[in-house]
Amino acid sequence: MAYQSYLKRNPVEKSVDQEEKFVDQVETIIQEEPESEFLGNQLNNGESPYNSIYGEPEIEVNDNTLTIKNQSMTDVVVMLMRVRDNRIVRNHYIKGKSQYVIKNIPDATYYSKFYHGNNWNPTRVIKSRPAGGFDNDETFIDSDEDIMKFEVYEDGNYVYSSQFEITLETQIVEGKAMREKEIAASDFF
């Protein structure tokens, strides 16, 4: 509830737009998210909460990997997006202050999207299906300009594979940041 302190003492309806002096009388401005009934709920690292929407993960037996180091306090669902057809080929839940290695990634070019939040609610509806989502601190990030090309190739007697690493931080280190942008939930899913 906004303007809680003022309204308790002065239960008269006021409009900030119409009465500028009203803002000067407010002691505290509080913007609270409703408390989640799933407070503290999390999935296990590596779970794929959106397979029911996007299908089973595409897996290729190889050594291509993507390591996600989540150094933020919020949990995240990482979507690995294939550039060619803009398809989600993998989705994985990663708890805050932990990491997860996505393995056996098929050869292709990808980018990633990140759904951050807290308090996993398994009853949240996504694309008309109960698939789950965060109740609090939601942000939706698209990094479609940061391209990763995964490929396995042979050179003489050696076989090479691709390994990428993404570190999600709450503080951006200049020169090492991804080119990411915040997007709406409707653009994410």
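Could you list, in sequence order, all residues of the range 80-93 that are free of Cβ contacts under 8 Å to residues at least 60 places away in the same chain and either in a loop (DSSP other than H, G, I, E, B) or not hydroxyl-bearing (S, T, Y) (or both)?
We begin by selecting, within the range 80-93, every residue free of Cβ contacts under 8 Å to residues at least 60 places away in the same chain; these are 80, 82, 84-93.
Those that are free of Cβ contacts under 8 Å to residues at least 60 places away in the same chain and either in a loop (DSSP other than H, G, I, E, B) or not hydroxyl-bearing (S, T, Y) (or both): L80, R82, R84, D85, N86, R87, I88, V89, R90, N91, H92.
When the range 46-77 is limited to residues that are part of a strand (DSSP E or B) and in contact (Cβ under 8 Å) with a residue 40 or more places away in the chain, the one that is farthest from E151 (Cα to Cα) turns out to be D75.
Yes/no matrix, rows are residues, columns are (1) of a type in the set (V, I, T); (2) touching a strand residue (DSSP E or B) at 6+ places or on another chain (Cβ under 6 Å); (3) surrounded by fewer than 17 Cβ atoms within 10 Å (Cβ to Cβ); (4) closer than 19 Å to Y54 by Cα:
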{"residue": "V78", "(1), (2), (3), (4)": "yes, yes, no, yes"}
{"residue": "D135", "(1), (2), (3), (4)": "no, yes, no, no"}
{"residue": "M148", "(1), (2), (3), (4)": "no, yes, no, no"}
{"residue": "D155", "(1), (2), (3), (4)": "no, no, yes, no"}
{"residue": "S162", "(1), (2), (3), (4)": "no, yes, no, no"}
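Since every read-out is calculated from the coordinates, none of them should be taken as a lab result. Small disclaimer: the values here were computed from a predicted structure and weren't measured. With ideal geometry, Cβ positions are generated from the backbone for all residues, glycine too; neighbour counts draw on all protein chains shown.
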